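Bear in mind these aren't lab numbers, they're just calculated from the coordinates by the rules spelled out. Predicted, not measured: the structure shown is a model, and the values here were computed from it. Using ideal geometry, Cβ is built from the backbone for each residue, glycine included, and neighbour counts are taken over all protein chains shown.
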Amino acid sequence: MSVRELLRHNDERFCAHARVLSADDWTRPSLCDGSTNQEVLAHLVVGLSAAPGSMAAALVHNRGIFDNANAEMATAMAARRSAADLLDEFERLSRRPRGLGRYFPSRLFLGDHVTHELDIIFALGRNPDIAHDALIAVLNTQVSVPNPFVPAFRNARSLRLRTTDAAWRHGEHGPVVEGRAAELVSVLGSRPHMLERLRGEGVVVLESRLSRPTRTGG
């Protein structure tokens, strides 16, 4: 299955499962520093639809800091729209992105959508049901493609990474970090919440790299 197909299937599954979350679930803090689950959902909508002019204005207002501009737009959208409305919009946009969303590569969208779903699900204390193929595709992108918005490539450097629930390995040298694929995706994306679920001598190295707060831009 191509990455584009993985993205489509993952987005459809996310929409179906996210609709069972309660109003209280959406108001709770996510793993994105300072953002509620509903604001994370709004971030996904912004990513699929932001007009170049709106993003440029937000960047000017936030002195060129992309994460802050993105978070500002998501916060404003979440304040004026319900979670149900945002899910409807996400479902429409995932089939036909608008604005800057038309130019974002599928593999980076998949990583963004999976990571932010984990921000919501792990924050609620639940287990994700993301397909292993999608998680492995995200891991492959994290360890091979430097991303200016997510420091996963840097976090993975010089570590041997191993998934315990899938046949995925990365790195031939360095200390080992092992855990479930979803936990590795989340922690490599600079979310320390699931560090306690990982094992190996490389965990302390990885922990030392997760010093910056994570906003919805990443």
Net charge of neighbours whose Cβ lies under 11 Å from the Cβ of I121, counting Lys and Arg as +1 and Asp and Glu as -1: -3
Pseudo-spin-label distance A76 to S2, built 7 Å along Cα→Cβ, given in nm, is 3.5
Rg to Rh for the chain: what is it, with Cα atoms only and Rh by Kirkwood? 0.95
Highest-fluctuation residue, S190, S49, S30 considered, GNM on the chain with Cα pairs under 10 Å: S49
Considering all alpha-carbon pairs of segment 146-190, what whole percent are spaced by more than 12 angstrom? 58
Give me the extension gain from A167 to E196: residue separation times 0.36 nm, minus the current Cα-Cα distance, reported in nm with one decimal. 8.3 nm
Using a simple spin-label model with points 7 Å from Cα along the Cα→Cβ vector, what separation in nm is obtained for N127 and A57? 4.6
I need the semi-axes of the equivalent ellipsoid of segment 132-208: take the C-alpha gyration tensor, multiply each eigenvalue by 5, square-root it, list largest first in whole angstrom. 15, 14, 12
Expected unfolding gain across R157-S22 under the 0.36 nm per residue rule, minus the alpha-carbon gap, is 44.7 nm
Can you work out the FRET efficiency for the pair S144 and E12, with r the C-beta to C-beta distance and R0 = 25 Å, to the nearest 0.05? 0.45
So what's the angle, to the nearest 10 degrees on a 0 to 90 scale, between helix 66-80 and the longest Cα principal axis of the chain? 50
